[in-house]
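The values are calculated or read from the model by the stated rules, or taken from the named source; none is laboratory data. These numbers come from a predicted model, not from an experiment. No Cβ is skipped: glycine too gets one built from the backbone with ideal geometry, and neighbour counts run over all protein chains shown. Keep in mind that these areas ignore ligands, DNA and RNA; they rest on the heavy atoms of the full protein, side chains included. Shrake-Rupley method; radii C 1.70, N 1.55, O 1.52, S 1.80 Å.
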Amino acid sequence: MPVDAGHPAVPRWADYSRGATPELSLGIYTRFEAIESEWRGFEQIAEGTPFQTYEWLKTWHRHIGERNGVVPAIVVARYADGATAFIAPFAVEPRRWARRLCWLGQELCDYNAPFLARDFSQRVRSARFLALWREVLLRLRSEPELRHDWIEFEKMPQTIGGQNNPFVALDVIANANSAHIAQLNGDWETFYRAKRSSATRRHDRAKRKRMAEYGEISFRTVAEPDDLRDTLEILWEQKKRIFARKGIGDIFARPGYREFFADFASNPNSRHLAHVSRVDVGPACAAANFAILFGDCYYHVLASYCDGRLTRHGPGMLHLRELLAHALKIGMQRFDFTVGDEQYKLEWTDIRLPLYDYSTAATWRGWPASVASIAQRHAKRFIKQTPVLWHLVCRMRSALGPFLYPQSAQRAGRNGAGS
């Protein structure tokens, strides 16, 4: 039976597991169109993240996945009455020596997780889910285009909405980072006073006053096509210079990355989920951001700020305060700073969300890649959780940045706003 059939590819789960989970059936799809209607409808009522929405991943696949030979493997589980239990969008990616099973769009998703029916954890316990997972793997291996040599999942959140993430029941390891979320309540002034001391607020006002000496300060949401394109270009260029100073390569130089974000922010099917904004100081863009609005949460995905004399007055932090105020104004209940343990996030947030990774070999060809992945993740977590080592690594990277990325570093020194 074709894997893209419009009905469940596994007619009844009991046929395969002898009643271990009799209420579930499975479908596996390699084409977005085959599951579009159910996926779009389910994401409106299920618990999940915006990084597994149909539009986010379809856009990613159009600009990045297809050019890299990625094959979607979208797994759908359904209850006996036909209602969707979960949608888990996976992918099989060709690598140099082996084929990897991962989450679809994994590297550009801050969270990788399924969409879950709101009653999933009540109806499907961990042991039953693990049995289901074994059957999913058997089905994937039975299809030639979905066969894989190792599994590598990353950035899986401990919880999805109000439920435990069933994939954390696998033999996972802690990710090097956590995610951090602020619960929003009241108006901006109330929230601001609760989070920042009077001395800090006074310092913020002093910095804003000094920044205003360079020109009028304005915060605005960007929506017009030309303005949107220009703002995203500024964000990418500012981000590239920030990366160069830290000794990090420019991810937006990779094929399809800029096109992906620009398409998602401007496409009529997805632009209602995107929020692009900027802070201008006089004629210069001092800071910019790209975020996702999903449910009652503001997901802060990308942020940048300028170089030059304005930098010392904190344009990035000023922009963050404007974004928090904006999220409160439009009725958001949460502000998700997403992945990373930077100190400024800890100052604003009250929820820490642990993230987990998982890797295992499926064939002998995948064993070296899986072992290397696990070792690398353990080493990265050890370094990031050891302040002395992490500080040393950051200093070394920053020192090497001008040599590794000389053009970006030189441009950073010349083209800063207000320089």
Residue-wise HN-Hα coupling along segment 145-162, computed from phi with Karplus coefficients 6.51, -1.76, 1.60 (Hz; x: Gly, Pro): 6, 10, 5, 9, 9, 7, 10, 9, 10, 9, 6, 8, x, 5, 10, 10, x, x
Farthest positive-ward along segment 234-389 dipole, Cα basis, beta-carbon charges - from 310, 282, 324: 310
Base-10 log of normalised Debye intensity for segment 68-157 (one unit scatterer per alpha-carbon) at q = 0.13, 0.18, 0.24 Å⁻¹: -0.46, -0.86, -1.34
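Could you calculate the contour length gain from residue 351 to residue 159, that is, 0.36 nm times the residue separation minus the distance between their Cα atoms, to one decimal place in nm?
67.9 nm
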Computed label-point distance, nm, for sites residue 372 and residue 204 using a 7 Å Cα→Cβ extension: 4.6 nm
Nearest-20 debye value, the chain charge dipole, Cβ charges on Lys, Arg, Asp, Glu: 1620 debye
Full-stretch length increase - residue 272, residue 248 - with 0.36 nm per residue and alpha-carbon distance subtracted: 5.5 nm
Accessible-area composition of segment 117-187, carbon plus sulfur, in percent [1.4 Å probe]: 45 percent
Segment 134-174: radius of gyration over Cα atoms, expressed as a fraction of 2.2 N^0.38 Å: 1.42
Largest to smallest principal axis extent of the C-alpha atoms in the chain, angstrom: 73, 47, 41
Degrees between helix 387-404 axis and first principal axis of the chain (Cα, 0 to 90, nearest 10): 70 degrees
Segment 350-401, accessible surface, carbon-and-sulfur percent (1.4 angstrom probe): 67 percent
Using a Förster distance of 45 Å, the FRET efficiency for residue 68-residue 399 (Cβ separation, nearest 0.05): 0.85
Using alpha-carbon coordinates, inclination of helix 198-211 to the longest axis of the chain, degrees: 70 degrees
Residue (of 113, 144, 165) at the positive-pole extreme of segment 87-230, dipole from beta-carbon charges: 165
Nearest 10 degrees, 0 to 90: helix 225-245 Cα axis against the chain principal axis: 80 degrees
Net charge, residue 146 excluded, C-beta distance under 11 Å - Lys, Arg +1, Asp, Glu -1: +2
Nitroxide proxy distance, nm - points 7 Å out along Cα→Cβ at residue 107 and residue 386: 2.8 nm
Residue-normalised accessible area of the chain, expressed per residue, 1.4 Å probe, Å²: 46 Å²
Extension gain (nm, one decimal) between residue 188 and residue 142, 0.36 nm per residue minus Cα-Cα: 11.1 nm
Net charge of Cβ neighbours under 15 Å - reference residue 170; Lys, Arg +1; Asp, Glu -1: 0
Surrounding net charge for residue 94, when Lys and Arg each add one and Asp and Glu each subtract one, Cβ distance under 14 Å: +2
Computed helical MRE - 222 nm, the chain, DSSP H runs ≥ 4 contributing -39500 (n - 2.57), nearest 500: -12000 deg cm²/dmol
